[in-house]
1. Using Cα positions and a limit of under 18 Å, work out the lysines in reach of Lys55, with same-chain residues fewer than 8 apart set aside.
2. Leaving ligands, DNA and RNA out of it, rank Glu26, Glu214 by accessible area with a 1.4 Å probe, largest first.
3. Could you sort 225-238, 330-343 so that the peptide with the highest average Cβ count within 10 Å comes first and the rest follow in order?
4. Could you tell me which of rounded, prolate or oblate describes region 64-217, using a ≥ b ≥ c as the square roots of the eigenvalues of the alpha-carbon gyration tensor, with rounded for a/c under 1.5 and, failing that, prolate when a/b is larger than b/c and oblate otherwise?
5. Taking Cα centroids, how far is region 288-324 from region 17-86 in Å?
6. Per-residue accessible area for Phe266 at 1.4 Å probe radius, Å² rounded to 10?
7. With a Förster radius of 45 Å, plug the Cβ-Cβ distance of Cys218 and Ser63 into 1/(1 + (r/R0)^6) and report the FRET value to the nearest 0.05.
8. Kindly report the accessible area of the chain per residue (heavy atoms of protein chains, probe 1.4 Å, no ligands, DNA or RNA), in Å².
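The values are calculated or read from the model by the stated rules, or taken from the named source; none is laboratory data. Just so it is clear, the structure is predicted and the values come from calculations on it, not from any experiment. FYI the Cβ positions are ideal-geometry reconstructions off the backbone, even for glycines, and counts take in every protein chain you see. Ligands, DNA and RNA are excluded from the accessible area calculation, which covers all protein heavy atoms including side chains. Shrake-Rupley method; radii C 1.70, N 1.55, O 1.52, S 1.80 Å.
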Amino acid sequence: MKQLTVIFALLVGCQAVSFFNLVAQEWDAFKLEHKKAYPNDIEEKFRMKIFMENKRKIAKHNSNYEKGLVNYKLALNQFGDLLSHEFRGLVNGFNRTKNGGHLKRRLLKGSTFIHPAHVELPASVDWREHGAVTPVKDQGHCGSCWSFSATGALEGQHFRKTGKLISLSEQNLIDCSTKYGNNGCNGGLMDQAFQYVKDNGGIDTEKSYPYEAEDDKCRYLAEDSGATDSGFVDVPEGSEKDLKAAIATVGPVSVAIDASHESFQFYSEGVYDDHECSSTELDHGVLAVGYGSEVDPDDPDAEKKNYWLIKNSWGTKWGLDGYVKIARDKRNLCGVATQASYPLV
């Protein structure tokens with residue numbers, strides 16, 4: 001009996017050692033892949049604990065996905081060692097302006113959007129297929145999402161006007177549009193970026209004015225300008241119908257969303273439809289480049305899942321190679337249609 005007890009204790013010990021080794025290997029692989037380094041052992045142990053908790057939450061969610069209880073999957077990414085509030089503070093930089101709990105309209109007023117007449121909108125659109133979308137960019141640890149949304153929309157309109165796709169400078173907007181109410185890495189608004197470009201007579205190219213992920217002095221040079229605009233159009237607030245028409249007939253559109261949830265932090269694939277996602281509490285600027293519907297290949301008679309195709313600015317290791325599909329026709333989920341606009345060229 002004593003011998004069996006010893007053997008059992010040894011087996012339990014081996015399992016414990018194996019589990020610890022597995023965790024350590026996963027943690028080391030995460031740090032290596034995402035180039036993570038911490039100032040001391042205390043900080044690293046704290047981050048490892050967060051990493052393991054996030055990993056547990058993701059596994060629980062994905063178990064529900066496999067059971068068909070949710071429509072999207074999660075995965076560990078470069079934000080795996082961050083608490084939810086830390087993540088939001090680092091990357092969500094759309095400046096919300098509220099009054100009595102209600103979202104106020106933009107500080108600037110754009111041209112009126114007129115819904116196209118005598119046009120049958122296609123069932124799906126993806127402006128990447130038409131050459132109007134630059135590769136996914138990475139804003140890093142800077143709340144400059146608004147600038148990436150603005151450049152994306154202007155890149156698309158400039159392409160439609162000239163046939164040339166030119167990557168434009170987010171750093172130019174960060175450094176030079178502060179007098180329009182934007183706050184660089186501390187947030188801003190896309191409409192105010194469009195107004196700056198109009199008044200400034202242009203925006204420099206990414207190549208001539210590269211991204212730094214920090215606030216710096218304005219260094220705009222007219223000879224390096226890659227595009228300009230003559231103002232902007234505001235899509236009617238909350239209208240998914242008008243947003244669909246704008247994307248289909250105009251091109252990529254700047255939109256603001258609620259990206260404050262852990263489910264969005266670790267989104268990986270599928271149609272994102274977190275019911276807690278707000279249509280008014282907006283904190284992140286992104287780019288709507290298309291829309292469509294997903295059909296279950298194993299059940300073609302199942303209801304289609306309509307979605308907006310959204311380009312993010314968190315690099316290609318996040319989401320669907322940097323993109324997310326957000327549920328469409330679900331009462332303006334995440335506020336996709338709440339504050340949409342595009343530049344006039």
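1. Output for Lys55: Lys31, Lys36, Lys45, Lys73, Lys317.
2. On the way: Glu26 55, Glu214 100 Å².
Of Glu26, Glu214, the descending order of accessible area is Glu214, Glu26.
3. Details: 225-238: 19.4, 330-343: 24.4.
The most tightly packed comes first, giving 330-343, 225-238.
4. Values: a/c = 1.35, a/b = 1.09, b/c = 1.24.
Here region 64-217 falls in the rounded category.
5. What the calculation gives is 24 Å, centre to centre.
6. 10
7. Values: r = 50 Å, r/R0 = 1.12.
Efficiency, from the Cβ-Cβ distance: 0.35.
8. Numbers: 17050 Å² over 345 residues.
Solvent-accessible surface per residue comes out at 49 Å².
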